[in-house]
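Beneath this line is the structure, given in C-alpha cells, with notes to follow.
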Number of protein chains: 2
Amino acid sequence: MKKLINAPDAVVDEALAGMTAAHGDLLKVIEPNVVVRADAPRSGKVGIISGGGSGHEPMHGGFVGLGMLDAACPGAVFTSPVPDQMLAATKAVDGGAGVLHIVKNYTGDVMNFELAAELAQAEGIEVTSVVIADDVAVQDSLYTAGRRGVGGTVLAEKIVGAAAEEGQDLAAVTALCQKVQDNVRSMGMALTSCTVPAAGKPTFEIGDDEMEIGVGIHGEPGRERRKLASADEITEALLTPILDDLPFGSGDRVIAFVNGMGGTPLIELYVVYNKVAAMCADRGVTIERNLIGSYITSLEMAGASITLLKVDDEMLRLWDAPVHTPALRWGA
Amino acid sequence: MKKLINAPDAVVDEALAGMTAAHGDLLKVIEPNVVVRADAPRSGKVGIISGGGSGHEPMHGGFVGLGMLDAACPGAVFTSPVPDQMLAATKAVDGGAGVLHIVKNYTGDVMNFELAAELAQAEGIEVTSVVIADDVAVQDSLYTAGRRGVGGTVLAEKIVGAAAEEGQDLAAVTALCQKVQDNVRSMGMALTSCTVPAAGKPTFEIGDDEMEIGVGIHGEPGRERRKLASADEITEALLTPILDDLPFGSGDRVIAFVNGMGGTPLIELYVVYNKVAAMCADRGVTIERNLIGSYITSLEMAGASITLLKVDDEMLRLWDAPVHTPALRWGA
C-alpha cells in the first residue's frame with residue numbers, strides 16, 4: 001500500500017486537522033468529528049448538512065462554507081458516520097429555521113441519518129431529509145436498496161446551499177433538493193481499484209486489460225467488467241444510459257459534471273468532457289454550465305463519472321450564486 | 001497503459017478541445033495550439049505568458065483568464081512547446097505594453113522561449129523573461145542546467161498575473177516575477193511513476209516498498225530512492241531542505257502550497273498539510289495563505305510536492321486579488 005499517511009486509523013483525524021489548519025476562516029471541527037461552518041449557527045438560516053464515509057474528498061467536508069453546507073459528518077473511510085455525529089451537526093447548525101439532511105442512498109447512511117433526525121426532532125429541531133439516488137448503473141447494490149447516491153450530491157449541495165444562504169425556508173429548500181434529485185443522473189467507471197487504508201490491499205482485482213463500467217464509489221461492482229476501450233467509447237457507455245434514463249432530450253438544458261475518481265489526471269477528464277459536449281450537442285441538449293475535476297472520489301481509484309442535471313433558470317441562478325468553500329469557490 | 005484517452009497522439013488536442021468546449025467564456029485555442037484569454041489582446045495591459053510540456057494540468061492552460069495568464073503554450077506531453085507557439089502567443093496577447101514570458105527552467109523551454117522572444121522583439125514587441133528555478137532537490141538534472149522550475153511557477157503566475165491585471169507596467173511585473181523566484185522554494189516526491197501516452201510504459205521502475213525523494217515533474221530522478229516512510233517523515237524530508245535553503249526563519253510570512261502529482265487523493269494532501277503547518281509553526285514561520293490540491297502534476301503519478309513562498313503585504317494583496325481561470329478562481 002503506497003499512501004501519504006502515517007497510520008491507517010489516523011488518516012481521517014489527521015486530514016481533518018489539516019483542513020482546520022488550512023481553512024480556519026471557513027470551518028471548524030467539533031466533537032465527534034463534525035466539520036462545521038465557522039460562523040454556525042446562523043440565526044434564521046436553514047441548516048444544510050450532509051455526510052458519509054471518508055475517502056471521497058473533497059466531498060463533503062470540502063463543501064462546508066458560505067453558500068453550500070453548514071456541516072459535514074465524515075465517517076471512517078467508506079463507512080457511514082454515526083448518528084451521534086449527525087445529531088451534533090444538526091444541533092451545531094440549527095439557527096431556528098430547521099435543518100435539511102442531504103443523504104446519499106447507502107443503507108448505513110440512510111439508517112443513521114433517520115435516527116439522528118428523530119433524535120434532533122425530539123430535541124425540538126425541525127429536520128427534513130432528501131435521499132440522493134442518481135446512479136443509473138445498478139438498481140440495488142452491495143450497500144444499497146435502490147440506486148446509489150453519487151455525483152448528483154455535489155450539484156444538490158451547491159444549489160440547495162445557495163437557496164438556504166439567501167434565506168429560503170425549510171419547505172422550499174427541501175422541495176428544491178428533491179427537484180434536483182428528480183432531475184439528476186450519473187454513472188461512473190474504474191480503470192483501477194482503490195485501497196482502503198485499514199484493509200491494506202485493493203478492494204477488488206482487475207486485469208491490466210479490464211475496466212469496470214458502472215462502478216460504485218466504494219469500488220463495488222457495476223454493470224459489467226469489460227476490456228479496455230477508448231475514452232470516446234467509455235464516455236458513450238456512461239452517457240448513453242444517463243441520457244436515456246431521465247430521459248434528457250432536445251431542448252433540455254443541463255449542468256454537465258465530469259468527475260475524476262481520485263487517481264485520474266485532469267487532462268483525461270477534458271478528453272472525456274470533449275466527447276460529453278459532442279454527444280449532448282448531437283441530442284440537442286444544451287450544456288449551460290459545467291464542472292470538471294475530482295470532487296467525489298474513491299481514494300486513489302483511476303476512473304471517472306459523468307453527471308447530468310436538467311436545470312431551469314432558477315437552478316442556474318442558484319448554481320451561479322456565490323460559494324466559498326475549500327473545494328468550490330466563485331463570486332466570493 | 002490504463003488511461004481515459006483515444007490515441008496517444010490525440011490526447012493534447014482533444015483535451016484542448018475539451019477546454020474550449022468547457023471554458024469558452026474564459027479562453028480560446030488558436031493555431032498552433034496556443035491557449036489564449038478570450039478577450040486578448042487587452043490594450044495597454046502587459047501580457048503574461050507561460051508554457052511547457054503537457055501532462056502537468058491544470059498548469060498552464062488552466063491558469064488562463066482574468067488575473068493570471070493571458071496565454072499558455074502547451075507542448076506535447078513532457079515536451080517543450082516550439083518557438084512558433086510562443087511567438088503566436090506573444091503576438092496574440094500584445095496590447096502595446098509588452099509581454100512577460102514566465103519560463104520554467106528546463107533546457108528546451110528556456111531555449112525556445114529565448115528564440116521566440118527574439119522573434120517577437122524583431123516584430124517590435126517588447127518582451128522580458130523570468131526563469132523559475134525553485135526546486136531545491138537537485139542542482140542539475142536530466143533536463144536542466146541549474147534547478148528545475150516546479151510549484152513556484154503556479155504562485156508566480158497568480159501574483160504576477162494580478163499585478164498585470166491592475167495595470168502595472170512591464171518593468172514592474174518583471175521585477176515582481178523575479179522577486180517571487182528569489183523567494184520561493186519547492187521539493188517533491190513520488191510513490192509511483194507515470195506513463196507518457198506515447199511511450200506506453202512507466203517512465204521509471206520503482207519497487208512496491210520504495211519512493212523517490214526529490215523527483216522531477218517528468219519523473220526524472222531526484223535526490224535518492226528510499227524505503228517507504230510515513231507522511232510525517234516524507235513531509236520532513238521535503239520541507240526541511242526547503243526551509244533551510246532560502247532560509248525561511250522566525251518571523252517570516254509565507255504562502256504554503258501542498259501539491260498533488262496527479263494520482264494522489266486530496267485526503268492525503270491534507271495529512272501532509274497538517275505536518276507542514278506544524279513544522280512551520282515550530283520554526284516561527286507564519287502561513288498567511290495556503291493552496292492545497294493538484295495544480296502542477298505529472299500525469300497520474302502518485303506523490304506530492306511542497307512549495308513555500310516568502311511574502312510581504314504587497315504579494316499577499318496580489319495573491320488575494322480576483323482570479324477567474326478554469327483551475328483557480330476567487331473574488332470573481
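Is it the case that region B:136-155 has a residue that's of a type outside the set (Lys, Arg), touching a residue at least 12 places away in the same chain (Cβ under 8 Å), in contact with a strand residue (DSSP E or B) (Cβ under 9 Å, 6 or more places away or on another chain) and closer than 18 Å to B:Ala40 by Cβ?
The answer is no, given that none of the residues of region B:136-155 is of a type outside the set (Lys, Arg), touching a residue at least 12 places away in the same chain (Cβ under 8 Å), in contact with a strand residue (DSSP E or B) (Cβ under 9 Å, 6 or more places away or on another chain) and closer than 18 Å to B:Ala40 by Cβ.
Counting the residues of region B:202-228 that are within 12 Å of chain A (Cβ to nearest Cβ) and crowded, with 21+ Cβ neighbours inside 10 Å gives 2. When region A:22-54 is filtered for residues that are small (Gly, Ala, Ser), over 19 Å from the mean Cα position of the chain (by Cα) and within 14 Å of chain B (Cβ to nearest Cβ), the ones remaining, listed by number, are A:Ala22, A:Gly24. Scanning region B:128-182 for residues that are over 23 Å from B:Gly53 (Cβ atoms) and among the acidic types (Asp, Glu) gives B:Glu165, B:Glu166, B:Asp169, B:Asp182.
Going by the conditions given, is A:Thr153 buried (at least 22 other Cβ atoms within 10 Å of the Cβ), at pLDDT 95 or above, among the hydroxyl-bearing types (Ser, Thr, Tyr) and assigned by TED's automatic domain parsing to the domain that holds A:Gly108?
Yes.
Out of the residues in region B:284-307 meeting the condition of being touching a Cys at 6+ places or on another chain (Cβ under 8 Å) and more than 23 Å from A:Met261 (Cβ to Cβ), tell me which one is nearest to the other protein chains (Cβ to nearest Cβ). Among those that are touching a Cys at 6+ places or on another chain (Cβ under 8 Å) and more than 23 Å from A:Met261 (Cβ to Cβ), it is B:Ile287. The selection criterion, being buried (at least 24 other Cβ atoms within 10 Å of the Cβ), more than 14 Å from chain B (Cβ to nearest Cβ) and out of contact with any Gly (no Cβ under 8 Å at 6 or more places or on another chain), does not hold for A:Ala137.
Residue pairs whose Cβ atoms lie under 8 Å apart, sitting 6 or more positions apart in sequence or on different chains, and linking a residue in region A:1-21 that is at the interface with chain B (Cβ under 8 Å from one of its Cβ atoms) and within 16 Å of B:Pro265 (Cα to Cα) to a partner that is assigned to a loop (DSSP other than H, G, I, E, B) and aliphatic (A, V, I, L, M), are A:Lys2/B:Leu191; A:Lys2/B:Leu228; A:Lys2/B:Ala302; A:Lys3/B:Leu191; A:Leu4/B:Leu191; A:Val11/A:Ile5; A:Glu14/A:Ile5. Across region B:269-321, the qualifying residues are those that are in contact (Cβ under 8 Å) with a residue 12 or more places away in the chain and of a type in the set (S, T, N, Q), and the one among them that is nearest to B:Thr203 (Cα to Cα) is B:Ser298.
Filter region A:135-166 for residues that are assigned to a helix (DSSP H, G or I) and among the hydrophobic types (A, V, I, L, M, F, W, C); which is farthest from A:Leu239 (Cα to Cα)? Here the answer is A:Ala164.
Have a look at B:Ala231, B:Ala175, B:Ala198, B:Ala237 and point out the one that is out of contact with any helix residue (DSSP H, G or I) (no Cβ under 9 Å at 6 or more places or on another chain), within 14 Å of chain A (Cβ to nearest Cβ) and at pLDDT 95 or above. Result of the check over B:Ala231, B:Ala175, B:Ala198, B:Ala237: B:Ala237.
Exactly one residue out of A:Gly124, A:Gly161, A:Gly108 is closer than 21 Å to A:His218 by Cβ and not charged (D, E, K, R): that is A:Gly108.
If you go through region A:237-284 and keep only what is buried (at least 24 other Cβ atoms within 10 Å of the Cβ) and in a loop (DSSP other than H, G, I, E, B), you end up with A:Met261, A:Gly262, A:Gly263, A:Thr264, A:Pro265.
Consider region A:277-315. How many of its residues are on the phi > 0 side of the Ramachandran plot and out of contact with any Pro (no Cβ under 7 Å at 6 or more places or on another chain)? Qualifying residue count, region A:277-315: 3.
Scanning region B:95-109 for residues that are free of Cβ contacts under 8 Å to residues at least 60 places away in the same chain and either out of contact with any strand residue (DSSP E or B) (no Cβ under 6 Å at 6 or more places or on another chain) or among the hydroxyl-bearing types (Ser, Thr, Tyr) (or both) gives B:Gly95, B:Gly96, B:Tyr106, B:Thr107, B:Gly108. Region B:1-104 holds strands (runs of 3 or more DSSP E) entirely within its bounds, and those carrying 3 or more residues that are in contact with a helix residue (DSSP H, G or I) (Cβ under 9 Å, 6 or more places away or on another chain) and not aliphatic (A, V, I, L, M) map to B:47-54, B:71-77.
The values are calculated or read from the model by the stated rules, or taken from the named source; none is laboratory data. None of these values were measured; they are calculated from a predicted model. Reconstructed Cβ throughout: ideal geometry from the backbone, glycine too, with neighbour counts over all protein chains shown.
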